[in-house]
Amino acid sequence: MWVWEEPSTIVFFALPPMDNIKRVLVVCLGNICRSPMGEGVLRNAAKGLNMDFDSAGTQGYHTGDAPDPRAVQCMKDHGIDIAHLAARKFSARDFESFDLILTMDGQNFRDVLIMAPNEASRKKVKPFLEPLSMSGANEVPDPYYGNQRDFDRVFELCSQAAALWCEQWKGQ
Ligand code: 4NP
């Protein structure tokens, strides 16, 4: 009971510090909607932390394409430019290149995990919304067949999670 009366204790348990996270990859299905938005949101939130961000899709349908115009517009409305990004397919080599791989939904999580060559690689894979899991949010819904409001929702979820990820990366 006392845990709930002491907010700093809750934060301590919810946000354990992470060690040596420098390169972060964000993964969704097509790499034209959610993951380029997540990449842009994280890069913006982590300014000054000396970290690198990238994104990829579990499928290669859109390889080489710029992000969806609705994703670009939504991010632009929030002062973040992602128009220059180009989609690429996730590869097993990404387990070597990145310290942390953040997936947008459960299917992305399973698709990435199944490609992991060992336990160390499996440990790098986490849901992008993991810091929000206590609030019940665990997936970023795919906005591809939706409308601009669905992209706004992606931005909102990513921004909330990004702020909490950055809390964990600060001071590492
Ligand atoms: P994303 O959205 O995974 O957030 O980039 C999608 C983009 C394209 C398709 C599906 C989802 N597609 O089927 O082409």
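What follows draws every value from the coordinates through simple rules; no lab data is involved. A quick note: this is a predicted structure, and the numbers were derived from the prediction, not measured. Cβ placement follows ideal geometry from the backbone for every residue including glycine, while neighbour counts extend to all protein chains displayed.
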Inset, instruction - Return only the number of the condition from (1) away from the ligand (no atom under 11 Å from the Cβ); (2) assigned to a loop (DSSP other than H, G, I, E, B) that Ala87 does not satisfy. - result: (1)
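Please verify whether region 66-73 includes one or more residues that are within 11 Å of the ligand (Cβ to nearest atom) and in a helix (DSSP H, G or I).
If we filter region 66-73 for residues that are within 11 Å of the ligand (Cβ to nearest atom), which is where we start, we get 67-68, 70-71.
Narrowing further to those that are in a helix (DSSP H, G or I): 70-71.
Yes.
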Inset, instruction - Output yes when any residue across region 43-52 is under 19 Å from Glu139 (Cα atoms) and either in contact (Cβ under 8 Å) with a residue 40 or more places away in the chain or of a type outside the set (A, V, I, L, M) (or both), and no when none is. - result: no
Inset, instruction - Starting from residues that are surrounded by fewer than 12 Cβ atoms within 10 Å (Cβ to Cβ), assigned to a helix (DSSP H, G or I) and among the aliphatic types (A, V, I, L, M), keep the ones in region 106-141 and report whichever is nearest to the chain's Cα centre (by Cα). - result: Met134
Legend entry - Candidate set: region 21-59, residues that are within 13 Å of the ligand (Cβ to nearest atom) and assigned to a strand (DSSP E or B); chosen: the one surrounded by the most Cβ atoms within 10 Å (Cβ to Cβ): Cys28
Legend entry - Count of region 147-171 residues which are small (Gly, Ala, Ser) and more than 18 Å from His78 (Cβ to Cβ): 1
